[in-house]
Amino acid sequence: MTIEDIIEKVNEIFVDEFEVDGDVISPELNLKDTLGLDSLDYVDLVVSIEANFGVKLGEADFVGIASFQDFYNLIETKIQNATK
């Protein structure tokens, strides 16, 4: 799976499941500020990512996540590590 595939699928999840306007999603923007997700939304996000990508995310994975690009990179890394 390429980074472009990951970005497309993650953005689709944000739009479809969290009713985020696709036009406000940009790699350099702050994920938390842009989406306005609460703690329950983050749980739903983790479940959606795990279901769609077959990777596990934990609380520690979000420590260094600021931008959308950081989140895409996290998922890419998780997928790569899962296939090793």
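The values are calculated or read from the model by the stated rules, or taken from the named source; none is laboratory data. Predicted model only: the values in this text are computed from it and were never measured. Note: ideal-geometry Cβ built from the backbone for every residue, glycine included; neighbour counts use all protein chains shown. Surface areas here come from the heavy atoms of the whole protein model, side chains and all, with no ligands, DNA or RNA. Shrake-Rupley method; radii C 1.70, N 1.55, O 1.52, S 1.80 Å.
Taking the criterion of being hydroxyl-bearing (S, T, Y), at pLDDT 90 or above and closer than 19 Å to T83 by Cβ, would at least one residue in segment 2-14 satisfy it? I'd like the intermediate steps shown before the answer.
So the first thing to find is which residues in segment 2-14 are hydroxyl-bearing (S, T, Y), and the list is 2.
When the remaining residues are screened for being at pLDDT 90 or above, the result is 2.
Subset that is closer than 19 Å to T83 by Cβ: 2.
Checked against the condition, which is being hydroxyl-bearing (S, T, Y), at pLDDT 90 or above and closer than 19 Å to T83 by Cβ, segment 2-14 yields at least one hit.
In segment 48-84, which residues are open to solvent by less than 50 Å² (accessible area, probe 1.4 Å), hydrophobic (A, V, I, L, M, F, W, C) and assigned to a helix (DSSP H, G or I)?
I49, F53, F62, F68, F71, L74, I75, I79, listed by residue number.
Considering only residues that are open to solvent by less than 70 Å² (accessible area, probe 1.4 Å) and in a helix (DSSP H, G or I), look in segment 13-32 and name the one that is farthest from N52 (Cα to Cα).
Within segment 13-32, the subset open to solvent by less than 70 Å² (accessible area, probe 1.4 Å) is 13-15, 18, 20, 22, 24-27, 29-31.
After this cut, where a residue has to be in a helix (DSSP H, G or I) as well, the list is 13-15, 18, 22, 24, 31.
On the way: I13: 9, F14: 12, V15: 14, F18: 15, G22: 19, V24: 22, L31: 19 Å.
Looking at the filtered set, the residue picked out is V24.
Name the one entry in A66, A51 that is farther than 15 Å from L31 by Cα and hydrophobic (A, V, I, L, M, F, W, C).
Details: A66 fails: farther than 15 Å from L31 by Cα.
Of A66, A51, the one residue that is farther than 15 Å from L31 by Cα and hydrophobic (A, V, I, L, M, F, W, C) is A51.
Suppose we filter segment 45-65 for residues that are in contact (Cβ under 8 Å) with a residue 24 or more places away in the chain and touching a helix residue (DSSP H, G or I) at 6+ places or on another chain (Cβ under 7 Å); how many remain? Show your work before the answer.
Going through segment 45-65, the residues in contact (Cβ under 8 Å) with a residue 24 or more places away in the chain turn out to be 45, 48-49, 52-55, 65.
Keeping just the survivors that are touching a helix residue (DSSP H, G or I) at 6+ places or on another chain (Cβ under 7 Å) gives 48-49, 52-55, 65.
The qualifying residues number 7.
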